[in-house]
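Read-outs throughout are calculated quantities, based only on the coordinates presented, and are distinct from any laboratory measurement. Just so it is clear, the structure is predicted and the values come from calculations on it, not from any experiment. Neighbour counts run over all protein chains shown; Cβ positions are idealised from the backbone, glycine included.
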Amino acid sequence: MKRIVILISGRGSNMEAIVRACAAESWPAQIAAVISNRPGAAGLAFAASHGIATAVVDHKAHASREAFDAELARVIDSYAPDLLVLAGFMRILGNAFTAHYEGRMLNIHPSLLPAFPGLHTHEKALEMGCKFAGATVHFVTAQLDHGPIVAQAAVPVLPGDDADALAARVLAQEHRMYPRAVRWFVEGRLAVDQGRVQQLDDEAQAFSL
């Protein structure tokens, strides 16, 4: 039974999708805790209502990124996770933190990486005239929004799209893809070789609308 800790900063809709899929599909896993860096994160209430332990490590209460990272790692490790899942966690994590969880930390980013790392991904896709946009699940490394790619979902950019419309279409695919990728990890169905991720059952790692 794998133990999963999920980090959020807001409403945590991807966290909700993972919690629901874990229960509905009877994964060999337990959501051990949901942790936020913001005391008012709406996702904490959802987690608590599903009997999941919650905690807050407020980044504003720490004088440096290193101090915040150290306290966050201490709280995470108190739940003995096999996998750490970032689900809308809006803090940049330092090298020591990412090294500590190397190979057992996943993130989802709302672009087709390596395109558009960082913020405002949907605005950038529209500005560049992209015909497709999407999201990427990847293992976290010290380099922001990089790391071995586990899965990607693509959606068409439609005439008349604004950033909000495109974001909503991408988010719907995130809710399909992220639980699948987490399940692959907990079932031991992923392997990383020379920076590339293989799905050992040859299940498709690309999703589309």
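Flag: THR136 matches the condition of being polar (S, T, N, Q) and buried (at least 21 other Cβ atoms within 10 Å of the Cβ).
Total residues in region 1-31 satisfying the condition of being under 21 Å from GLU71 (Cα atoms) and surrounded by 21 or more Cβ atoms within 10 Å (Cβ to Cβ): the figure is 6.
A search for C-beta distances below 8 Å between a residue of region 1-21 that is farther than 18 Å from LEU171 by Cβ and any residue that is among the hydroxyl-bearing types (Ser, Thr, Tyr) and part of a loop (DSSP other than H, G, I, E, B), counting only pairs 6+ apart in sequence or on different chains, returns ARG3/TYR79; VAL5/TYR79.
Quick grid of which residues meet (1) in contact with a strand residue (DSSP E or B) (Cβ under 6 Å, 6 or more places away or on another chain); (2) free of Cβ contacts under 8 Å to residues at least 40 places away in the same chain; (3) surrounded by fewer than 18 Cβ atoms within 10 Å (Cβ to Cβ):
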{"position": "ARG38", "(1), (2), (3)": "no, yes, no"}
{"position": "LEU44", "(1), (2), (3)": "yes, yes, no"}
{"position": "SER49", "(1), (2), (3)": "no, yes, yes"}
{"position": "LYS60", "(1), (2), (3)": "no, yes, yes"}
{"position": "GLU71", "(1), (2), (3)": "no, yes, yes"}
{"position": "ARG91", "(1), (2), (3)": "no, no, yes"}
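Of all residues in region 44-70, those satisfying the criterion of being within 25 Å of ILE18 (Cα to Cα) and of a type in the set (Asp, Glu) are ASP58, ASP69. Just one of the numbered conditions (1) exposed (fewer than 15 other Cβ atoms within 10 Å of the Cβ); (2) assigned to a loop (DSSP other than H, G, I, E, B) is not true of ASP145: (1). Which residues, counting only those in region 97-133, are assigned to a strand (DSSP E or B) and in contact (Cβ under 8 Å) with a residue 40 or more places away in the chain? Once the filter is applied, which keeps residues that are assigned to a strand (DSSP E or B) and in contact (Cβ under 8 Å) with a residue 40 or more places away in the chain, region 97-133 yields LEU106, ASN107, ILE108.
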